[in-house]
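Scroll down for the structure; my scribbles are underneath it.
The values are calculated or read from the model by the stated rules, or taken from the named source; none is laboratory data. Remember, it's a predicted structure, so these values are computed and weren't measured experimentally. Glycine also receives a Cβ, built like all others from the backbone with ideal geometry; neighbour counts cover every protein chain displayed.
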Amino acid sequence: MSERIVITWPEMRTRLASARNYWICTASTTGGPHAMPVWGVWVGERLWFSTGAGTVKARNLALDPRVSVHLESATELVALQGSAAAVPSGERPAEVDAAYATKYVLPRTGEPAVIEIGSSPVFAVTPRTVCGWFEGAFAESMTRWRFPGPVAEPMSYPADPA
């Protein structure tokens, strides 16, 4: 039997914070899937991102807050399931805006990006479960964290068989 490869929550948090793009997966009113990449920041054990008020993502989340978030790499997989809620600017921690402006610059101008443009809602994704693994060692490294409440330190469990 192979030795277990432990993925710690601090390592997973680093992956979530350092990702450039996040794939946001929502469900339409008919149950059809919708996946699109966004920029985002990991602050306060939540993923924060914005999208246009009229986008499919925003419309889907207004009707069904359940969301799945994936990073770009399948080599060092991160998959998060949770719920997304629009957060008004007055209720958003200042660290979110600062992290976003530090992480992203506008490609055409080189200026720091802002997370909220006009009436674009900013969403906070609260995780319920997060899975991670290394592609070359799936069986040894598959780890799942389950969050018992809205925002809490995760509890790590061995992977459930798929």
Checklist entry - Of the residues in the stretch 41-81, how many are without any contact (Cβ under 8 Å) to a residue 60 or more places away in the chain, of a type outside the set (Val, Ile, Thr) and farther than 16 Å from Pro121 by Cβ? => result 10
Item to check | Number of the condition not met by Ser83 [criteria: (1) outside any strand (DSSP E or B); (2) modelled with pLDDT of 95 or more] | outcome: (1)
Item to check | Subset of the stretch 82-100 (residues that are in contact (Cβ under 8 Å) with a residue 12 or more places away in the chain and hydrophobic (A, V, I, L, M, F, W, C)) | outcome: Ala84, Ala85, Ala86, Val87, Val96, Ala99
Checklist entry - On the given criteria, is Val87 touching a strand residue (DSSP E or B) at 6+ places or on another chain (Cβ under 9 Å), β-branched (Val, Ile, Thr) and closer than 21 Å to Ser119 by Cβ? => result yes
Next on the checklist: Within the stretch 32-44, does at least one residue satisfy the condition of being in contact with a helix residue (DSSP H, G or I) (Cβ under 8 Å, 6 or more places away or on another chain) and assigned to a loop (DSSP other than H, G, I, E, B)?
Outcome noted: yes
Checklist outcome for this item: Checked against (1) closer than 25 Å to Glu135 by Cα; (2) modelled with pLDDT under 95; (3) of a type outside the set (Phe, Trp, Tyr); (4) surrounded by fewer than 17 Cβ atoms within 10 Å (Cβ to Cβ), Pro88 satisfies every condition except (1)
Next on the checklist: Please go through the stretch 45-77 and give me each residue that is in a loop (DSSP other than H, G, I, E, B), within 25 Å of Phe134 (Cβ to Cβ) and over 14 Å from the mean Cα position of the chain (by Cα), ordered by number.
Outcome noted: Ala74, Thr75
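Of everything in the stretch 1-28 that's part of a loop (DSSP other than H, G, I, E, B) and of a type in the set (Gly, Ala, Ser), which residue is farthest from Ser141 (Cα to Cα)?
Applying the first criterion (part of a loop (DSSP other than H, G, I, E, B)) to the stretch 1-28 yields 1-8, 19-21, 28.
Within this subset, residues satisfying the condition of being of a type in the set (Gly, Ala, Ser) are 2, 19, 28.
Details: Ser2: 10, Ala19: 20, Ser28: 33 Å.
Only one residue fits best here, namely Ser28.
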Item to check | Positions within the stretch 22-34 being touching a residue at least 24 places away in the same chain (Cβ under 8 Å) and loosely packed, with under 13 Cβ neighbours inside 10 Å, in sequence order | outcome: Thr29
